[in-house]
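J.: I'd like to ask you about the structure that follows.
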């Protein structure tokens, strides 16, 4: 896409001359008065403005220096080159002091002004990239290393900022590897509980007979080997946040106890008789559809509604566009430093492979593939083979029709092989007529392999 340049001058001859010289390389806009110029800047956002410092204006309209100040308020990174007469050097220097990029004296030398424009736009690109990186660093610090600038991730950031200062229970939902714990940590970090503990427990990783004790603790003698009193995760998270990962794996008998805590803010240790008040915020996460679990009677409906006061739906990596490359480069930088391999970059084919792959394991899978590539690569360029993304993995995603055809061809070939290419038996196995089977074989050019 071409850079956009706005020429502001009340002399039509100068506007025409500049437009003719620049139109091949840039998108050129023109204005002969301040009002029109302001409208273009506000609606079309040019990257660079050539502004006549001696613009003839009525008393009610801003002059060149006033326009300069207004433009920089609208876009501080906009590059403004003041066009001056020979006797206006003092005003030009004043414009530079007020933030103009450069000035140029008439008569205009087209080749010289082209160089000024090219240099200004190059510096602007560097400044915008630096701003983007600074914002990304700030965002990563704020959101606990969550990386991403896609629109759906921006929505996640906004939701986190809104819910974090409250004590509302949050249910984080997303496929495995999408960063649910990072989202929970970001909520905790931005909350009033940030200085207190953030305690994590994976409800699916601990055997059901041990999980109750892990969550709620136990009294001495509560069961065999309970030689001492032990506090559980809930009490450990006093004043802070407890993160219940894989909440969908929680046994029904423990779901009742979680529900009681959400309602009463109290627990009982295993073998205990006295309720214990605990001040902790609950954030839960799941890669399951809890509503489906409710319908199947494996998850309590009342607990579901208690947990999902706020639901944060994390997008899968395949739906995050350019975030894939942003994350890949961040992982590449991290692992390059970790394994003392400097100057590593992705080849063009690797970047294409990364963008085309479906990422069923999401960010966790991407992280593992980048680590593998950094370890295995022999040169400075990482290729699809290093990533484990050979050509067959990175083909474009198949349409439903292509999937059907691929499956049909595969099943027909397997049936024919099972029946030693006996058409009658294979057709009977597939539930079609001999004629239909012959038509399918012709459609897919299926022929018996020669020995």
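FYI, it's all coordinate maths here, none of it is from the lab. All of these numbers come straight from a predicted model, not from anything done at the bench. Every residue, glycine among them, receives a Cβ derived from its backbone with ideal geometry; neighbour counts consider all protein chains shown.
J.: Using r as the Cβ-Cβ distance of residue 12 and residue 126, and R0 as 30 Å, what FRET efficiency do you calculate, to the nearest 0.05?
T.: On the way: r = 35 Å, r/R0 = 1.15.
Taking R0 as 30 Å, the efficiency between residue 12 and residue 126 is 0.30.
J.: A further question on this structure: For the chain, take every pair of Cα atoms, bin their distances at 20 Å starting from 0, and report each bin as a whole percent.
T.: 18, 30, 32, 17, 3
J.: Let me ask something else. Rounded to the nearest 10 degrees, what's the angle between the helix 252-264 long axis and the longest principal axis of the chain, both from Cα atoms, 0 to 90?
T.: 50
J.: Taking the Cα-to-Cβ direction at residue 224 and at residue 69 and moving 7 Å from each Cα, how far apart do the two end points lie in nm?
T.: 8.5
J.: Let me have the 222 nm mean residue ellipticity of the chain computed from DSSP H runs of 4+ only, each contributing -39500 (n - 2.57), with the sum over all residues rounded to the nearest 500.
T.: Numbers: 20 runs with 222 residues, N = 451.
The helix-only estimate for the chain comes to -15000 deg cm²/dmol at 222 nm.
J.: When N counts the residues of segment 1-48, how does its alpha-carbon radius of gyration compare numerically with 2.2 N^0.38 Å, as a ratio? Spell out each step's value before the answer.
T.: Values: Rg = 10.3 Å, N = 48, 2.2 N^0.38 = 9.6 Å.
So the Cα radius of gyration is 1.07 times the expected 2.2 N^0.38 Å.
J.: In degrees, nearest 10, range 0 to 90: what is the angle between the Cα axis of helix 34-44 and the longest Cα principal axis of the chain?
T.: On a 0 to 90 degree scale, this one is about 20.
J.: Return P(r) of segment 4-129 (all Cα-Cα pairs; 10 Å bins starting at 0; whole %; ordered from short to long distances).
T.: Percent of pairs per bin, in order: 13, 51, 33, 3.
J.: What does the extension gain come out to for residue 167 and residue 364, with contour length at 0.36 nm per residue minus their alpha carbon separation? Provide the component values of the computation, followed by the final result.
T.: Numbers: separation 197, 0.36 × 197 = 70.92 nm, distance 2.90 nm.
Roughly 68.0 nm would be gained on extension.
J.: Along each of its three principal axes, how wide is the spread of alpha-carbon positions in segment 190-330, in whole angstrom units, largest first?
T.: Over segment 190-330, Cα extents along the principal axes are 56, 39, 28 Å.
J.: If R₀ is 56 angstrom, what is the calculated FRET efficiency for the pair residue 291 and residue 104, using the beta carbon separation as r and rounding to 0.05?
T.: Numbers: r = 65 Å, r/R0 = 1.17.
Once rounded, the FRET efficiency stands at 0.30.
J.: Using 0.36 nm per residue of separation minus the Cα-Cα distance, give me the extension gain between residue 4 and residue 279 in nm, one decimal. Each step should come with its number before you reach the end.
T.: Details: separation 275, 0.36 × 275 = 99.00 nm, distance 5.62 nm.
Roughly 93.4 nm would be gained on extension.
J.: Oh, and also: What is the gain in length, in nm to one decimal, between residue 378 and residue 414 on full extension, counting 0.36 nm per residue of separation less the C-alpha to C-alpha distance? Before the final figure, lay out the partial values.
T.: Numbers: separation 36, 0.36 × 36 = 12.96 nm, distance 4.08 nm.
Contour length minus Cα-Cα distance gives 8.9 nm.
J.: Can you tell me the orientation of helix 64-74 relative to the chain, as the angle in degrees between its alpha-carbon axis and the longest Cα principal axis, to the nearest 10?
T.: Roughly 0 degrees, rounded to the nearest 10.
J.: Taking R0 as 30 Å, what FRET efficiency do you get between residue 111 and residue 152 from their Cβ-Cβ distance, rounded to the nearest 0.05? The partial results should precede the final answer.
T.: Numbers: r = 46 Å, r/R0 = 1.54.
After rounding, the FRET efficiency stands at 0.05.
J.: I need the P(r) histogram for segment 400-443: all alpha carbon pairs, bin width 10 Å from 0 out to the longest distance, whole percents.
T.: Going out from 0 Å in 10 Å bins, segment 400-443 shows 30, 57, 13, 0 percent.
J.: Further question: Explain nothing, just the number: relative contact order of the chain, from Cα pairs under 8 Å at least 6 residues apart, as a whole percent. Provide the component values of the computation, followed by the final result.
T.: Values: 663 pairs, mean separation 47.8, N = 451.
The normalised contact order for the chain reaches 11 percent.
J.: Rounded, prolate or oblate for segment 109-256? Axes are the square roots of the Cα gyration tensor eigenvalues, ordered a ≥ b ≥ c, and the cut-off for rounded is a/c under 1.5.
T.: Values: a/c = 4.04, a/b = 3.39, b/c = 1.19.
It comes out prolate by the Cα gyration axes.
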